[in-house]
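Notes for the one structure printed next.
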Amino acid sequence: MAMAETFFSNLKCRECGALYPKKATHVCEFDFGPLEADYDYAKIRAAISREKIQARPLTMWRYRELLPIDGEPTVGLQTGFTPLVKAERLARALGARELYLKNDAVNYPTLSFKDRVVAVALTRARELGFNIVACASTGNLANSVAANAAAAGLESYVLIPYDLERSKVLNSLVYGAQVIGIEGPYDQVNRLCSEIAGKYGWGFVNVNLRPYYAEGSKTLGFEIIEQLDWRIPAHTVIPMASGSLLTKITKAYQEAVKVGLVNAAPFRIYGAQARGCNPITAAQQAGTDLIRPVPRPDTIAKSLAIGTPADGYYAVHAMRQTGGAAADATDAEIIEAIKLLAETEGIFAETAGGVTLACAKKLIDSGRIPRDERVVICITGNGLKTAEALDGQLTEPARIKPSLREFDALIVKNEPQRHGDAEKIKTV
Ligand SMILES: *Cc1c(COP(=O)(O)O)cnc(C)c1O
Ligand SMILES: [Zn+2]
């Protein structure tokens, strides 16, 4: 990719449109609105085409013109372009005609969609001259910052609620990151990080580097469009923590039209949360954009447990503007959905994936999502990282002596109709 040219012009306040230089800053000084990357779309339109993109390596960086960096990407060069799976067995189970799973459970290198946002944030952090990077995380972001920082030779600090899943903690420690468990929910971790960012001058990927970080999520949307042969799906179901991913997939669909990669088509955006931490869903369902914080999240979907979602307001608007909706799922429904996905499609998603599928099912059952239109469900994290959510939820393996007699007895006991009796098996 010989593309030192940049199309990324400024940071811009989402509220008042004030322009800011492309530094490590994330709020407007006039109205505290969030800053967002702004581009020269006319120049991008002239510079890219489907053919050009298709000739590039199969990574998220094939959409580089629409990402907020100045030079060549330097972090996460293999990230993205995860499978879009046509899910026929799951579609049958849900009574839907055409269903796809965007499977970021196998994203590189840390098995969640956060590898996308970190690739952009750390590339930009290096451009801005940071040697120490950090984050406030519900788990997956910590894993991705730790891994990508290690590979880039950067020092990293990750701050997490102390009671995360064991595997999420371990998957940060192994890379040599400084891992700090905070005795409090994510909101308190995040508030502390804002204070640290101000005082220590580190590059916090989701605080002072947030405008760059957030744009990485768009690549999930661009890939969905390209993998559907350059079409925007009618319905997309997306998990929500801060609400950023949902907002940015919406932006990706709009930008793809704006730069001429895809024809405009109506699309609806749906958000999914856990019942035990559902501030955005509750607001959407109440018909308001006022997000009421959830001070004590209580759900097995810890990666989505953000009680005061930074982009909740914008997520509600994206759903409203596109004619979408939100849903939430109980812990029991989340586990049910994890099993359904595994048993029908052979995909083991983390609890957030269970949330998204359970909510998609509700939206289909209630008629909010029509059964005969194309649906994409975003699976954003890997089940191996939240395995303890399934403790006691699966049948334990059978245990026998290494003897054929015990095996025969077991098979007959489990499936007497299919196998007849052990005597018959013996004579075959
Ligand atoms: C972080 C995360 C999300 C969504 O995060 P947003 O803050 O809404 O962008 C979804 N799924 C998983 C597994 C995550 O880790
Ligand atoms: Zn402003």
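The values are calculated or read from the model by the stated rules, or taken from the named source; none is laboratory data. All values derive from a computational prediction rather than experimental measurement. Please note: Cβ atoms are built from the backbone with ideal geometry, for glycine as well, and neighbour counts cover all protein chains shown.
What residue, of Ile400, Ile377, Ile411, is among the hydrophobic types (A, V, I, L, M, F, W, C) and under 30 Å from Asp331 (Cβ atoms)? Quick ask: steps written out before the conclusion?
Details: Ile400 fails: under 30 Å from Asp331 (Cβ atoms); Ile411 fails: under 30 Å from Asp331 (Cβ atoms).
The conditions single out Ile377.
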Residues satisfying the stated conditions in the stretch 103-148, i.e. farther than 14 Å from Val75 by Cβ and among the acidic types (Asp, Glu): Asp104
Residue within the stretch 116-126 that is surrounded by fewer than 24 Cβ atoms within 10 Å (Cβ to Cβ), away from ligand 2 (no atom under 16 Å from the Cβ) and in contact (Cβ under 8 Å) with a residue 24 or more places away in the chain present: yes
Which listed residue, of Gly76, Gly71, is under 18 Å from the mean Cα position of the chain (by Cα) and of a type in the set (Gly, Ala, Ser): Gly76
Elements of type strands (runs of 3 or more DSSP E) in the stretch 1-98, at least 2 residues being more than 16 Å from ligand 2 (Cβ to nearest atom) and either under 19 Å from Tyr212 (Cβ atoms) or among the aliphatic types (A, V, I, L, M) (or both): 8-13, 84-86
Odd one out for Phe204 among (1) surrounded by fewer than 24 Cβ atoms within 10 Å (Cβ to Cβ); (2) in contact (Cβ under 8 Å) with a residue 40 or more places away in the chain; (3) under 22 Å from Cys28 (Cα atoms): (1)
Count of the stretch 341-360 residues which are under 20 Å from Thr299 (Cα atoms), in a helix (DSSP H, G or I) and either of a type outside the set (Val, Ile, Thr) or not assigned by TED's automatic domain parsing to the domain that holds Ala327 (or both): 8
Every residue from the stretch 16-42 that is surrounded by 13 or more Cβ atoms within 10 Å (Cβ to Cβ), without any contact (Cβ under 8 Å) to a residue 24 or more places away in the chain and closer than 19 Å to Tyr314 by Cα: Ala18, Val27, Cys28, Gly33
Restricting the stretch 152-207 to residues that are of a type in the set (Ser, Thr, Tyr) and outside any helix (DSSP H, G or I), the residue that is nearest to Val120 (Cα to Cα): Ser156
Residue tally, condition away from ligand 1 (no atom under 14 Å from the Cβ), touching a helix residue (DSSP H, G or I) at 6+ places or on another chain (Cβ under 9 Å) and either of a type in the set (Gly, Ala, Ser) or within 27 Å of Gly392 (Cα to Cα) (or both), over the stretch 299-327: 3
From the options Arg45, Arg56, residue that is surrounded by fewer than 16 Cβ atoms within 10 Å (Cβ to Cβ), closer than 18 Å to Lys218 by Cβ and in contact (Cβ under 8 Å) with a residue 60 or more places away in the chain: Arg45
Hey, Ala134 in a helix (DSSP H, G or I) and in contact with a strand residue (DSSP E or B) (Cβ under 6 Å, 6 or more places away or on another chain) or not: no
Gly271 in a strand (DSSP E or B) and not polar (S, T, N, Q): yes
Search result, residues across the stretch 272-300 that are touching a residue at least 60 places away in the same chain (Cβ under 8 Å) and of a type in the set (A, V, I, L, M): Ala272, Ala274, Ile300
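Any chance the stretch 330-350 includes a residue that's small (Gly, Ala, Ser), surrounded by fewer than 19 Cβ atoms within 10 Å (Cβ to Cβ) and in contact (Cβ under 8 Å) with a residue 40 or more places away in the chain?
Just the residues of the stretch 330-350 that are small (Gly, Ala, Ser), to begin with: 332, 337, 342, 346, 349.
Adding the requirement that they be surrounded by fewer than 19 Cβ atoms within 10 Å (Cβ to Cβ) leaves 332, 342, 346.
Cutting the leftovers down to in contact (Cβ under 8 Å) with a residue 40 or more places away in the chain gives us 342.
Yes: one or more hits.
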Candidate set: the stretch 207-244, residues that are in contact with a Pro (Cβ under 6 Å, 6 or more places away or on another chain) and either surrounded by 24 or more Cβ atoms within 10 Å (Cβ to Cβ) or not assigned by TED's automatic domain parsing to the domain that holds Pro279 (or both); chosen: the one farthest from Tyr313 (Cα to Cα): Tyr212
Residue list for the stretch 95-121, filter: touching a strand residue (DSSP E or B) at 6+ places or on another chain (Cβ under 8 Å), within 14 Å of ligand 1 (Cβ to nearest atom) and among the hydroxyl-bearing types (Ser, Thr, Tyr): Ser112
